[in-house]
1. Hey, what does the equivalent ellipsoid look like for segment 79-170, semi-axes from the Cα gyration tensor as sqrt of 5 times each eigenvalue, largest first, whole Å?
2. Specify the inter-centroid distance of segment 41-116 and segment 136-180, based on alpha-carbon positions, in whole Å.
3. In whole Hz, with x marking every Gly and Pro, tabulate ³J(HN,Hα) for segment 133-148 from phi via Karplus 6.51 cos²θ - 1.76 cosθ + 1.60, θ = phi - 60°.
4. Let's test the formula: R0 of 22 Å, r as the Cβ-Cβ distance of D163 and R105. What FRET efficiency results, to the nearest 0.05?
5. On a straight-distance basis, which lysines could pair with K115 in a cross-link, Cα separation under 27 angstrom, same-chain partners fewer than 8 positions away excluded?
6. Please calculate how many Å² of accessible area segment 50-181 carries per residue, with a 1.4 Å probe and no DNA, RNA or ligand atoms counted.
7. Pull out the extension gain between K40 and Q171, defined as 0.36 nm times the separation in residues minus the alpha carbon to alpha carbon distance; nm, one decimal.
Amino acid sequence: MAQLSTLLAVALLGVAAAAQEESASKKPEAEWLTMGLLHKWAQDLGYTSTESPELRAVELKLAATGNLVFAEFSDNNSLKLATSWDSSQEKLGDGPLTNGWNNERRFCKMSIADKPDGGTLLVMHFDQLLPVSAGQDAVFSIVKKSIELFETGVVEFDMFSKDTYRQWTQQASQQASEEED
């Protein structure tokens, strides 16, 4: 499981293989934006979470979908969230599916990433700047709303992808039926 988590984190967060040697430019400017604080806040919000020091990220599990989410405080005092799905249609529809999603929505952007063992991942990204000068309570409120919005996006993408694949299957069946006639 740890190896899978590392592979997903590399694909999702763009974490370099040598994460411990990562430059300071990727770290938040506010020293109090720590992995420990993010872990505590995730638990306070009711999420099962684990600190992953080698990746400088917190892994949390979404109850609604079971998705593993990687969360980190990053450069410019931002919160970065990412999760992924194995592509069930990698040869057919990754591009149109992600383009359709991204064209219709302004949050939780999708991308396509190669898996080290072959195949592809559909990756959802979310970044939110944090007003650290407003203090921890204000930042906690934004982190809470960001995670809730991200979870909503994950649930919505699950429905969107299933509906899209179902439509494509129906269209292909209809086209095949018309060609037979």
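The values are calculated or read from the model by the stated rules, or taken from the named source; none is laboratory data. Note that the structure is predicted; figures quoted are calculated from it, not measured. Note: ideal-geometry Cβ built from the backbone for every residue, glycine included; neighbour counts use all protein chains shown. Note: areas computed on protein heavy atoms with side chains; ligands, DNA, RNA excluded. Shrake-Rupley method; radii C 1.70, N 1.55, O 1.52, S 1.80 Å.
1. Numbers: eigenvalues 177, 41, 18 Å².
Square roots of five times the eigenvalues give 30, 14, 10 Å.
2. With segment 41-116 and segment 136-180 each reduced to a Cα centre, they are spaced 13 Å.
3. Along segment 133-148, the couplings run 5, 7, x, 5, 4, 5, 5, 4, 4, 6, 4, 4, 5, 5, 5, 4 Hz.
4. Numbers: r = 14 Å, r/R0 = 0.64.
For R0 = 22 Å, the calculated efficiency reads 0.95.
5. Qualifying lysines at Cα under 27 Å: K26, K27, K61, K80, K91, K162.
6. Working: 7130 Å² over 132 residues.
Per residue, segment 50-181 has an accessible area of 54 Å².
7. Details: separation 131, 0.36 × 131 = 47.16 nm, distance 4.76 nm.
Value of the extension gain: 42.4 nm.
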